[in-house]
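One structure, pasted below without further comment.
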Amino acid sequence: MPGSDVLMPNPYASYELALRPDHRIVILRDIECDAAVGDTSAIEHAVRDVAAGNRYALYLHTVQNLLATHVWVETWTGPPADEGVDTGWTSAAAVDLDCPTGLLVLGDGMSASIDGIDPPEGPGRYRIAVYHQGRERAELAYREVVHAMGPRAGRAESELQARYGAVEKYLLRMWWQQALPDTDDDDN
């Protein structure tokens, strides 16, 4: 049958991080890329649109920072079909990310992070599809936790943390697109 030799894209690896993101920002970037031109603009877009990037970093804006937020990064062998996303996920954005080393880190830029995200293709430009789940419920839970905080919080606050700790979720599906452009021409 013609075309039957074509391999369908498959998940290669999956990574998970649960965190309470400082400043309500979660960042996925190459391990050697730090602050870059366009970060402020990308963060402003993420605040408005859930996720945005500037080619050096992908920014997710969470609705709260008091309850655990779960983020999964999946590396794929090619562009995944959207139909493969379980129901309940909402598509937020698709951005390009340049990875000079091919080794990525995910975290809040302050204390919570995981590294060692290493797609099989190594260095290059990746496409990342961003999905989210539970943002509206997390915002309501956040308000309930804030209301419970105070001099009599104690047990009520910890019960709310346990009940709502896995409400806000993000799924980042990434696949290699192309080699990075040669940067030796920048000296001209």
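In the stretch 43-59, what residues are open to solvent by less than 20 Å² (accessible area, probe 1.4 Å) and within 22 Å of Thr101 (Cα to Cα)?
Scanning the stretch 43-59 gives Ala52, Ala57, Leu58, Tyr59.
Would you check if Tyr164 is surrounded by 15 or more Cβ atoms within 10 Å (Cβ to Cβ), hydroxyl-bearing (Ser, Thr, Tyr) and modelled with pLDDT of 95 or more? Write out each step before concluding.
Details: surrounded by 15 or more Cβ atoms within 10 Å (Cβ to Cβ): yes; hydroxyl-bearing (Ser, Thr, Tyr): yes; modelled with pLDDT of 95 or more: no.
No: the conditions fail for Tyr164.
Counting only residues that are open to solvent by 60 Å² or more (accessible area, probe 1.4 Å) and either farther than 22 Å from Ala166 by Cβ or among the small types (Gly, Ala, Ser) (or both), how many does the stretch 62-97 have?
Total satisfying the criteria: 5.
With Gly134, Gly124, Gly102 as the choices, which residue is open to solvent by less than 40 Å² (accessible area, probe 1.4 Å), at pLDDT 90 or above and over 17 Å from the mean Cα position of the chain (by Cα)?
Numbers: Gly134 fails: over 17 Å from the mean Cα position of the chain (by Cα); Gly102 fails: over 17 Å from the mean Cα position of the chain (by Cα).
So the residue among Gly134, Gly124, Gly102 that is open to solvent by less than 40 Å² (accessible area, probe 1.4 Å), at pLDDT 90 or above and over 17 Å from the mean Cα position of the chain (by Cα) is Gly124.
Further question: Which residue pairs have Cβ atoms under 6 Å apart, sit 6 or more places apart or on different chains, and have a first residue in the stretch 112-126 that is over 17 Å from Gln177 (Cβ atoms) and a second that is open to solvent by less than 40 Å² (accessible area, probe 1.4 Å) and at pLDDT 90 or above?
From the stretch 112-126, the pairs are Ala112/Leu19; Ser113/Val105; Ser113/Gly107; Ile114/Leu17; Ile114/Leu106; Asp115/Val105.
When you look at Tyr15, is it among the hydroxyl-bearing types (Ser, Thr, Tyr) and farther than 30 Å from Ala162 by Cβ, yes or no?
Numbers: among the hydroxyl-bearing types (Ser, Thr, Tyr): yes; farther than 30 Å from Ala162 by Cβ: no.
Against the criterion (among the hydroxyl-bearing types (Ser, Thr, Tyr) and farther than 30 Å from Ala162 by Cβ), Tyr15 does not qualify.
The values are calculated or read from the model by the stated rules, or taken from the named source; none is laboratory data. The structure displayed is predicted, hence computed values, not measured ones. Please note: Cβ atoms are built from the backbone with ideal geometry, for glycine as well, and neighbour counts cover all protein chains shown. What goes into the accessible areas is simple: the full protein's heavy atoms, side chains included, and nothing from ligands, DNA or RNA. Shrake-Rupley method; radii C 1.70, N 1.55, O 1.52, S 1.80 Å.
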